[in-house]
Amino acid sequence: MLVGVLALQGDFAKHEDMLRSLGIQVCQVRTPQELEGCDALIIPGGESTVMLRQLDFIKMKEALQDFAQERPLFGTCAGLILMSSSVQLSTMKPLGLLDITVERNAYGRQVESFQASVGLHLASGHDKIFHAFFIRAPRIRANGEEVKVLASYQGEPILVRQGHLLGASFHPELTGDPTIHQYFLEMVREKKRA
């Protein structure tokens, strides 16, 4: 299994470290050609408008949309914003992969970053408490019927899945807890077996 991490901007190195700690082969993805050999891709946190401009500049937006039709994607924070269908109060045109509407920086600015213990509901009967880091995090303001909510904070979705696509409004890579990455890797294995 080869998992790519979009390495244009943001905290991609932390995702790489987490994947390597799980024994997964990782590659940095900066071009459509580097994407081709990957079984899955993680879009990290960072500055969503900067990342979207870079994707447009290197003509990678369409390649990501095509990739997501067949292979798993996991977006965290800015990655979730890029994967969304629409962004409130913004002219941004995201990738339209997850049937969600998000609001950027809705939990506050950088200085208002925080940690919270949240319940993960990844499998029936296997709930777990996870310590989530929210850094200029987006809020999921609406989600379609096919979107499954795997975790919530104060009654709002913060971890969602739609088919082989996964999105988190927080930063699971900043913890020492690999639970969410392991869940994504199982999604990748399921997709490869299908």
Legend entry - Dipole magnitude of the chain, debye to nearest 20 (Cβ charges: Lys/Arg +1, Asp/Glu -1, about Cα centre): 140 debye
Inset, instruction - Report, to the nearest whole %, how much of the accessible area of the range 32-106 belongs to carbon and sulfur atoms, 1.4 Å probe, protein only. - result: 46 percent
Legend entry - Whole-angstrom Cα spans of the range 2-193 along principal axes, big to small: 41, 38, 33
Legend entry - Length added when fully stretched, residue 1-residue 22, from 0.36 nm per residue minus Cα-Cα: 6.4 nm
Inset, instruction - Assign unit charges at the C-beta atoms only (+1 for Lys and Arg, -1 for Asp and Glu), then state the dipole size of the range 57-122 relative to its Cα centre in Debye, rounded to the nearest 20. - result: 180 debye
Legend entry - Where Rh is the Kirkwood radius over Cα pairs, Rg/Rh for the range 82-194: 0.96
Legend entry - Surface per residue (accessible, 1.4 Å probe) for the chain, Å²: 46 Å²
Legend entry - Using alpha carbons only: equivalent-ellipsoid semi-axes of the range 142-194, gyration tensor based, whole Å: 20, 17, 7
Legend entry - Linear extension gain, residue 191 paired with residue 66, 0.36 nm per residue minus alpha-carbon span: 43.4 nm
Legend entry - Most positive-pole-ward Cα, 49, 120, 172, against dipole of the chain from beta carbon charges: 49
Inset, instruction - Express in % the proportion of alpha carbon pairs of the range 34-79 at distances exceeding 17 Å. - result: 31 percent
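The values are calculated or read from the model by the stated rules, or taken from the named source; none is laboratory data. This one's a predicted model, so the numbers in the text were calculated from it and none came from an experiment. As a convention, Cβ positions derive from the backbone with ideal geometry for all residues, glycine included, and neighbour counts pool all protein chains shown. In case anyone asks, the SASA skips ligands and DNA or RNA and just uses the protein heavy atoms, side chains included. Shrake-Rupley method; radii C 1.70, N 1.55, O 1.52, S 1.80 Å.
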